[in-house]
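A.B. asks: Encoded as structure tokens, here's the structure I'll be asking about.
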């Protein structure tokens, strides 16, 4: 049975990844600081499972990480841990630098030192996989897509901090020989998504009868990737990716934000109509745009497809319908979050 150390495994993408990894027979040591977006309820089905070891802690705690590496001797380390919401990075960039840059550096140092102690096959097979974002590339015009050779041009404190972490991972490979892999993904969606992000936020506000805020003119374009497709791509890169390489992961599903919102409204109208019979699209409210809002992202995932044979299993229509159905049937999970400090309020308005 392989053992993986997964950081940030109580978050959205990390949580989905951990659930599937354990189902597939991997022993997971899950290190998460349980900040606002970390949610142990996501992992409730693993309670009591000996193949899931949860550790509450920070990736920047070198002593803790070193002890976990020494005790569990994982075959790979997968780094999902990150502050990840652009709006929050506008209000408080320091936390993003601390976790995404300083924390990643501490993790890399601990993993490098552990890797150097390994011998033979264990040393050759070991991998460090860093999960990143397409936002490091900046913004696109009406045409073109981001490839692995697109120059970095981050435009938000969040994307700048992730760009820095990507550069550190690359540096640790080229300087120390650490066998690293990096993935840069487009916008994820699906089950267990913290409800400050667009799709779960719209679902929650629509069901509550509240206005549905759409930034600016709503014509910003994102490439949407269903989270389980992303997790499958990560497993494939871990298993077959070339050491030192970067792989872009996209869903080949470009949509304008306003189109996404209207699609959610239509699906909810079909499944849970408003009592007054009015369409939920009547709740849409255009609000002042986010400062520095990137206009368009799009991923060229041909390297991942051609080298490793990966393709997304979900198109946007099937994925968004599955997502809406999941939230409708898991309102208890949503309410546990809304019972805490987050109240669906808008953040990140400071210019």
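A.B. asks: Applying the selection to segment 47-91, what residues are surrounded by fewer than 16 Cβ atoms within 10 Å (Cβ to Cβ) and closer than 24 Å to residue 196 by Cβ?
C.D. replies: 56, 91, listed by residue number.
A.B. asks: Further, regarding this structure: Does residue 113 fit the bill of being in contact (Cβ under 8 Å) with a residue 24 or more places away in the chain and farther than 19 Å from residue 174 by Cα? Full working, then the answer.
C.D. replies: Values: in contact (Cβ under 8 Å) with a residue 24 or more places away in the chain: yes; farther than 19 Å from residue 174 by Cα: no.
Criteria not met by residue 113.
A.B. asks: Can you go through 181, 207, 201, 168 and tell me which one is touching a residue at least 40 places away in the same chain (Cβ under 8 Å) and assigned to a strand (DSSP E or B)? Break it down into steps so the answer makes sense when it comes.
C.D. replies: Working: 207 fails: assigned to a strand (DSSP E or B); 201 fails: assigned to a strand (DSSP E or B); 168 fails: assigned to a strand (DSSP E or B).
Going through 181, 207, 201, 168 in turn, the sole match is 181.
A.B. asks: Looking at 322, 270, 256, which is the one that is in contact with a strand residue (DSSP E or B) (Cβ under 6 Å, 6 or more places away or on another chain), surrounded by fewer than 18 Cβ atoms within 10 Å (Cβ to Cβ) and over 30 Å from residue 245 (Cα atoms)?
C.D. replies: Only one candidate passes the filter, namely 256.
A.B. asks: Further question: I'd like to verify a number: residues in segment 33-76 that are free of Cβ contacts under 8 Å to residues at least 12 places away in the same chain and under 21 Å from the mean Cα position of the chain (by Cα), how many?
C.D. replies: 1
A.B. asks: Out of segment 15-32, which residues are in contact (Cβ under 8 Å) with a residue 60 or more places away in the chain and over 22 Å from residue 125 (Cα atoms)?
C.D. replies: 15, 16
A.B. asks: If I ask for residues that are closer than 18 Å to residue 330 by Cα and crowded, with 23+ Cβ neighbours inside 10 Å, which ones from segment 170-191 would you list?
C.D. replies: Initially, segment 170-191 is screened for residues closer than 18 Å to residue 330 by Cα, giving 189-191.
Result: 189, 190.
A.B. asks: Going through segment 216-234 one residue at a time, which ones are under 18 Å from residue 134 (Cβ atoms) and either modelled with pLDDT under 95 or touching a strand residue (DSSP E or B) at 6+ places or on another chain (Cβ under 9 Å) (or both)?
C.D. replies: Those that are under 18 Å from residue 134 (Cβ atoms) and either modelled with pLDDT under 95 or touching a strand residue (DSSP E or B) at 6+ places or on another chain (Cβ under 9 Å) (or both): 220, 221, 222, 223, 224, 225, 226, 227, 229, 230, 233, 234.
The values are calculated or read from the model by the stated rules, or taken from the named source; none is laboratory data. Remember, it's a predicted structure, so these values are computed and weren't measured experimentally. Ideal geometry is used to build each Cβ from the backbone, glycine not excepted, and the neighbour counts take in all protein chains shown.
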